[in-house]
């Protein structure tokens, strides 16, 4: 008999809690956390207030994912394109990982969460990089939920960097062009060792993937919501997982 767990959070626009099948939880969920600035603007607040409240949503999503049994949670924290934003906003964003980890790291360790980071370390402020590297080191022995921060990350650059590495191996004679396979390419991406996302969530009503995990999202289920990221809570994650479970994944074949 299929065991079911019920969401203990009620949907604001639904009188019934969502049913989630316990044996069909997505293994890897990726989230594009969008809408911090627009949320703040709607309330007449500075954009940085939206980013700060978005940090609280990261904690809510992490706890909810852990309790659902999701094994990997990847958060699109800062893209390679985000450097184009005003300097004061970028400086604030670069302080958020340090602040988040200073507040939440102890609880994450208690929850057996393992923290990872993918993205280019070059260009990151030293305080941002140190905070992330310290958290990665302190949680390396944990074997619970993997919380993976995509920081200074871009999908096209990731693929380009991987191709450069493969090209160097060919030039050195360690590899032939005909030896290249999808698995070999995956082994040269920043997500090496992680499964592809089963489910991608994007908030704020935008319906695009914005240079995020271009290779890895090939067969992921996509779920979009108009909710701004600072509003994202346990209900919304449960809704996304419930919708994921209603779909049939065919990978180009027939069900």
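A Förster distance of 41 Å, applied to the separation of the beta-carbon atoms of residue 45 and residue 126, puts the FRET efficiency at 0.90. Give me the percent of Cα-Cα pairs in segment 24-117 that sit more than 19 Å apart, rounded to a whole number. Pairs farther apart than 19 Å: 45 percent.
Averaging 1/r over each pair of different alpha-carbon atoms in segment 38-81 and inverting the result gives 12.0 Å, the Kirkwood hydrodynamic radius. Using the Stokes-Einstein relation with a Kirkwood hydrodynamic radius computed over Cα pairs, the translational diffusion coefficient of segment 125-167 at 10 °C and a viscosity of 1.306 mPa s comes to 126 µm²/s.
Annotation: extensible slack from residue 246 through residue 60 equals 64.6 nm (criterion: 0.36 nm per residue apart, minus Cα-Cα distance).
Put simply, the C-alpha atoms of segment 158-255 give a gyration tensor, and the ellipsoid matching it has half-axes of 34, 17, 10 Å, longest first.
Simple spin-label model, 7 Å along Cα-to-Cβ: residue 184 to residue 164 in nm? The modelled label-to-label distance comes out at 2.0 nm. Radius of gyration over Kirkwood radius for segment 72-198, both on Cα atoms: the Rg/Rh ratio is 1.03.
Length, then width, then depth: along the principal axes, the Cα atoms of segment 77-143 run 37, 21, 17 Å. For residue 134 and residue 112, FRET efficiency with R0 = 25 Å and r from the beta-carbon atoms, rounded to 0.05? About 0.90, to the nearest 0.05.
Working value for the chain: equivalent-ellipsoid semi-axes of 29, 25, 18 Å, each the square root of 5 times a Cα gyration tensor eigenvalue, largest first. Shape summary: segment 125-197 maps onto an equivalent ellipsoid whose semi-axes, from the alpha-carbon gyration tensor, are 29, 15, 12 Å in decreasing order.
Using the rule -39500 (n - 2.57) for each DSSP H run of four or more residues, divided by the residues of the chain, the 222 nm mean residue ellipticity is -13000 deg cm²/dmol. Cα extents for segment 198-255 along the principal axes, largest to smallest and rounded to whole angstrom: 37, 26, 14.
Values in this text are rule-based calculations from the coordinates and carry no lab data. Computed from a predicted structure; not experimentally measured. When we count neighbours, we look across all protein chains shown, and the Cβ atoms used for this are built from the backbone with ideal geometry, even at glycine.
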